[in-house]
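**Student:** Here it is: the structure, laid out below.
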Amino acid sequence: MEYETWADDQETTTVTVDEHDLEVAYYDDGEGEPVLFCHGIPTSSYLWRDVAPPLSDDYRVIAPDMVGYGNSAMHDGFDRSIRAQEAMVDGLVDELGLESITFVGHDLGGGVGLRYAVHNPETVERLALSNAVCYDSWPVEAIIDLGLPSTIAEMSVDDARELLEGIFRDTRYDDPDEAFVEGMLAPWDSDEAVVSLSRDAIGTNTSHTTEIDPSEITARTLLLWGAEDEFQPVEYAERLEGDISDAELVGLESASHWVMADRPDAYTDRLREFLDGN
């Protein structure tokens, strides 16, 4: 699916985060048990383009753009940390009238999932985490640098897109297809978006994962990890497996941080088995 098609299919709603009314764009397709997908930095819900649509045959798949990302609110003046993103998810779940969900999170979205599962055990029945930020595994140096006002003040839209393109190309296990690169770059196309990217980066607060205890998670958990990740190494998944009582680690070889893009078929098949109770 091309990015333009994905964006055209998105719906929008407004949720309140820290007394700010923020527009949230989200992909919503299918019927059945709801599965909510949450991306990380510096991506958007389009990250799930190869995973969410096939699952919509049997499940209701919902993939929001986090606030400050994608087609959600990008204006300045609100928090983009995973604590705030957790509040966004809570508001979206309430807005959509969802009583229980499976939460699937990648990168920062995985950190959101950890917090949400700890704080809302009655809502999260199943939790799938992929190369998720956890404990003190983050932020990475490149993201910290992006969050410095002095860095972004000297960065044009073209500069920012060139930097991001290098990340999306150089950190994939194999050469990515152009639709992936173009789709990941698409939202970062304005001065407002570049400032939002910087605010997203400065919101990466290690305390938001070190302050929670993963052992409090009661949801059945799948740690579906790209085994060749240099950002969130599989050792952190092993630690999560030890701390969460009902957790299983599945490492996918020949996959980097972008596991669902590197191994889309294997990722979708294993996630479907998990959703089906296998």
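**Student:** In the list TYR69, TYR27, which residue meets the criterion of being open to solvent by less than 30 Å² (accessible area, probe 1.4 Å), out of contact with any Gly (no Cβ under 7 Å at 6 or more places or on another chain) and either free of Cβ contacts under 8 Å to residues at least 60 places away in the same chain or aliphatic (A, V, I, L, M) (or both)?
**Tutor:** Only one candidate passes the filter, namely TYR27.
**Student:** Sort out which residues of region 31-40 are open to solvent by 10 Å² or more (accessible area, probe 1.4 Å) and either touching a helix residue (DSSP H, G or I) at 6+ places or on another chain (Cβ under 7 Å) or of a type in the set (Lys, Arg) (or both), and write them in order of number.
**Tutor:** none
**Student:** Considering only region 244-261, I want to know if a residue exists there that is of a type in the set (S, T, N, Q), more than 16 Å from ASP136 (Cβ to Cβ) and not in a loop (DSSP other than H, G, I, E, B).
**Tutor:** No - not one qualifying residue is present in region 244-261.
**Student:** Further, regarding this structure: Quick one: how many residues across region 120-157 are touching a residue at least 40 places away in the same chain (Cβ under 8 Å), part of a helix (DSSP H, G or I) and within 21 Å of TYR236 (Cβ to Cβ)?
**Tutor:** Counting residues in region 120-157 that are touching a residue at least 40 places away in the same chain (Cβ under 8 Å), part of a helix (DSSP H, G or I) and within 21 Å of TYR236 (Cβ to Cβ) gives 2.
**Student:** Name the single residue, out of those in region 168-204 being among the acidic types (Asp, Glu) and assigned to a loop (DSSP other than H, G, I, E, B), that is nearest to GLY77 (Cα to Cα).
**Tutor:** Taking the candidates together, the pick is ASP189.
**Student:** Same structure again: Pick from LEU249, LEU222: which is open to solvent by less than 20 Å² (accessible area, probe 1.4 Å), at pLDDT 95 or above, of a type in the set (A, V, I, L, M, F, W, C) and closer than 18 Å to ALA128 by Cα?
**Tutor:** After ruling out the rest, the residue left standing is LEU222.
**Student:** Looking only at residues in region 235-246 that are open to solvent by 30 Å² or more (accessible area, probe 1.4 Å) and not hydroxyl-bearing (Ser, Thr, Tyr), which one is farthest from VAL133 (Cα to Cα)? Break it down into steps so the answer makes sense when it comes.
**Tutor:** First pass over region 235-246, keeping only residues open to solvent by 30 Å² or more (accessible area, probe 1.4 Å): 235-236, 238-239, 241-243, 245-246.
If we keep only those that are not hydroxyl-bearing (Ser, Thr, Tyr) as well, we get 235, 238-239, 241-243, 246.
Details: GLU235: 12, GLU238: 13, ARG239: 12, GLU241: 14, GLY242: 16, ASP243: 15, ASP246: 19 Å.
It comes out as ASP246.
**Student:** Now for a separate question. Of the conditions (1) open to solvent by 60 Å² or more (accessible area, probe 1.4 Å); (2) out of contact with any Phe, Trp or Tyr (no Cβ under 7 Å at 6 or more places or on another chain); (3) modelled with pLDDT of 95 or more, GLU154 satisfies every one except a single condition; which number is it?
**Tutor:** The one condition GLU154 does not meet is (3).
**Student:** When you go through ASP90, ASP8, ASP76 one by one, which is the residue that is surrounded by fewer than 20 Cβ atoms within 10 Å (Cβ to Cβ) and more than 30 Å from PRO149 (Cβ to Cβ)?
**Tutor:** One residue alone meets the criteria, ASP8.
**Student:** If you check ALA201, ALA186, ALA227, which single one turns out to be at pLDDT 95 or above, open to solvent by 10 Å² or more (accessible area, probe 1.4 Å), touching a Gly at 6+ places or on another chain (Cβ under 6 Å) and not aromatic (Phe, Trp, Tyr)? Working first, answer last.
**Tutor:** Numbers: ALA201 fails: open to solvent by 10 Å² or more (accessible area, probe 1.4 Å); ALA186 fails: touching a Gly at 6+ places or on another chain (Cβ under 6 Å).
Result: ALA227 is the single residue among ALA201, ALA186, ALA227 that is at pLDDT 95 or above, open to solvent by 10 Å² or more (accessible area, probe 1.4 Å), touching a Gly at 6+ places or on another chain (Cβ under 6 Å) and not aromatic (Phe, Trp, Tyr).
**Student:** When residues of region 121-155 are filtered for being in contact with an Asp or Glu (Cβ under 7 Å, 6 or more places away or on another chain) and closer than 25 Å to GLU248 by Cα, how many remain?
**Tutor:** Count: 3.
**Student:** Test of understanding: among THR209, THR221, which residue is over 19 Å from TYR46 (Cα atoms), part of a helix (DSSP H, G or I), of a type in the set (Val, Ile, Thr) and within 18 Å of the chain's Cα centre (by Cα)? First the steps, then the outcome.
**Tutor:** Working: THR221 fails: part of a helix (DSSP H, G or I).
Of THR209, THR221, the one residue that is over 19 Å from TYR46 (Cα atoms), part of a helix (DSSP H, G or I), of a type in the set (Val, Ile, Thr) and within 18 Å of the chain's Cα centre (by Cα) is THR209.
**Student:** Now a separate question. Pick from ALA227, ALA219: which is more than 23 Å from VAL67 (Cβ to Cβ), in contact (Cβ under 8 Å) with a residue 40 or more places away in the chain and touching a strand residue (DSSP E or B) at 6+ places or on another chain (Cβ under 6 Å)?
**Tutor:** Every option except ALA219 fails the conditions.
The values are calculated or read from the model by the stated rules, or taken from the named source; none is laboratory data. Computed from a predicted model, the values in this text were never measured in an experiment. Counting neighbours? That spans all protein chains shown, and the Cβs are built from the backbone with ideal geometry, glycine included. The protein model used for the area step is the full one, side chains on, heavy atoms only, and it has no ligands, DNA or RNA in it. Shrake-Rupley method; radii C 1.70, N 1.55, O 1.52, S 1.80 Å.
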